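The values are calculated or read from the model by the stated rules, or taken from the named source; none is laboratory data. Everything numeric here is computed off the predicted structure, so don't read it as measured data. Cβ coordinates were reconstructed from backbone atoms using ideal geometry, including for glycine residues, and neighbour counts include every protein chain displayed. These accessible areas exclude ligands, DNA and RNA; they are computed on the full protein's heavy atoms, side chains included. Shrake-Rupley method; radii C 1.70, N 1.55, O 1.52, S 1.80 Å.
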Amino acid sequence: PPTSAADLKSTDRPLIAVGVRRRPQEKPVKILVLIELKDLKMLSIDTTRKLSFNRSISNGDLVIVYERHDNMKAVTVSEGSVLQNRFGVFKHSDWIGKSFGSKVFSNKGGFVYLLAPTPELWTLVLSHRTQILYIADISFVVMYLEIVPGCVVLESGTGSGSLSTSLARAVAPTGHVYTFDFHEQRAGSARDDFERIGLSSLVTVGVRDIQGEGFPEEFSGLADAVFLDLPQPWLAIPSAAKMLRHDGTLCSFSPCIEQVQRSCETMQSNFTDIRTFEVLLRTYEVREGKTESKEINGNGSNGSLPCKRRQCSDGANVLSYPNSSVMARPSGEARGHTGYLTFARCLS
């Protein structure tokens, strides 16, 4: 690494020189601290389709029509078109000019919400061309791969693009995601989806058999993170090691523990800090309910609480008054095992 200010001119890596001030009682010492910056690939961003949902809805935009938490759909706004559901008929022309998050009404007075196509919501409404990763696994992957704006990420395979959308948001606005799938039609559908949700400037889709051919040599030593979702990930791990920068991170997603064992054996030659996780998420349904408390006494007095009075056959007064209570219980639709996430850090 450079050791003097003169070396700044000769180095081909971006650096920042930081001056350090001395304390008054110390002898004057000249200190030059050089901080190496990570190479960032600058990409042009279409400002009309940037990752910001503060703007108003326009003709041609993709919106998530929200009826309830388990009933949403992606709709492309088209002036002159309508959406029909159990709540009535919604005119697309009424949506244009409104902000994301708006509540819109039908001809019958029913309503839906128009939400922005965030990666979290897109994961819930996208077309399943393959088995996808869901929010619990996705958030874990983004965190443990240490993905930040400006990173270059390689992914194989693309599948339905669920993870790719979250990776794109994590690297925006100056990073890029290069995702590969061996299935040409599936890759084309994913490319169309990224264009539809405005991520085409952040995601490049390629058709390539990563297990058989490895990643393209042009990415050698440039990737900050690599993600593998393959039937035989151990075949692609040597190529992933070549693509990663020093101290880069690798993640392999596998549904079976036998795949994990073989992958870990392959990782030991070029990786350290190998760890495997299984993320299990339990969701709860929280609802407010009303119960009735009963009290039998002689005078029917119950302070200031509103009550209903009924008279029993023995002449005693029975008071019942409503109490609000919050009830929580595990959701019956909770997902179980999805897969194992194996992470490792590249040594060279």
State which residue is most open to solvent (accessible area, probe 1.4 Å) when the search covers only segment 169-189 and only residues that are in a helix (DSSP H, G or I) and touching a residue at least 40 places away in the same chain (Cβ under 8 Å).
-> 169
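I need the full set of residues from segment 153-168 which are assigned to a helix (DSSP H, G or I) and of a type in the set (S, T, N, Q), in order please. Let's see the steps before the verdict.
Here is the first cut: in segment 153-168, the ones assigned to a helix (DSSP H, G or I) are 162-168.
Those that are assigned to a helix (DSSP H, G or I) and of a type in the set (S, T, N, Q): 162, 164, 165, 166.
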Could you list, in sequence order, all residues of segment 66-92 that are closer than 12 Å to residue 110 by Cα and either among the basic types (Lys, Arg) or touching a helix residue (DSSP H, G or I) at 6+ places or on another chain (Cβ under 6 Å) (or both)?
-> 86
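Can you go through 126, 230, 154 and tell me which one is closer than 30 Å to residue 57 by Cα and either touching a residue at least 60 places away in the same chain (Cβ under 8 Å) or not assigned by the TED database to the domain that holds residue 263 (or both)? Talk me through it step by step, then tell me what you get.
On the way: 230 fails: closer than 30 Å to residue 57 by Cα; 154 fails: closer than 30 Å to residue 57 by Cα.
Step by step, each of 126, 230, 154 is checked, and only 126 is closer than 30 Å to residue 57 by Cα and either touching a residue at least 60 places away in the same chain (Cβ under 8 Å) or not assigned by the TED database to the domain that holds residue 263 (or both).
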Of all residues in segment 114-135, how many are of a type in the set (Gly, Ala, Ser) and surrounded by fewer than 16 Cβ atoms within 10 Å (Cβ to Cβ)?
-> 1
Return the residue satisfying two criteria in turn: it lies in segment 262-284 and is over 15 Å from residue 229 (Cα atoms) and either among the small types (Gly, Ala, Ser) or without any contact (Cβ under 8 Å) to a residue 12 or more places away in the chain (or both), and of such residues it is most open to solvent (accessible area, probe 1.4 Å).
-> 268
Report yes if some residue within segment 91-110 is under 16 Å from residue 227 (Cα atoms), assigned to a loop (DSSP other than H, G, I, E, B) and open to solvent by less than 60 Å² (accessible area, probe 1.4 Å); otherwise report no.
-> no
Given the conditions (1) over 16 Å from residue 249 (Cβ atoms); (2) at pLDDT 95 or above; (3) acidic (Asp, Glu), every one holds for residue 193 apart from (2)
Restrict the check to segment 198-212 and report whether at least one residue is assigned to a loop (DSSP other than H, G, I, E, B), out of contact with any helix residue (DSSP H, G or I) (no Cβ under 7 Å at 6 or more places or on another chain), within 27 Å of residue 117 (Cβ to Cβ) and small (Gly, Ala, Ser).
-> yes
Which condition does residue 221 not pass, out of (1) surrounded by fewer than 23 Cβ atoms within 10 Å (Cβ to Cβ); (2) in a helix (DSSP H, G or I); (3) touching a strand residue (DSSP E or B) at 6+ places or on another chain (Cβ under 7 Å); (4) not acidic (Asp, Glu), if it passes all the others?
-> (2)
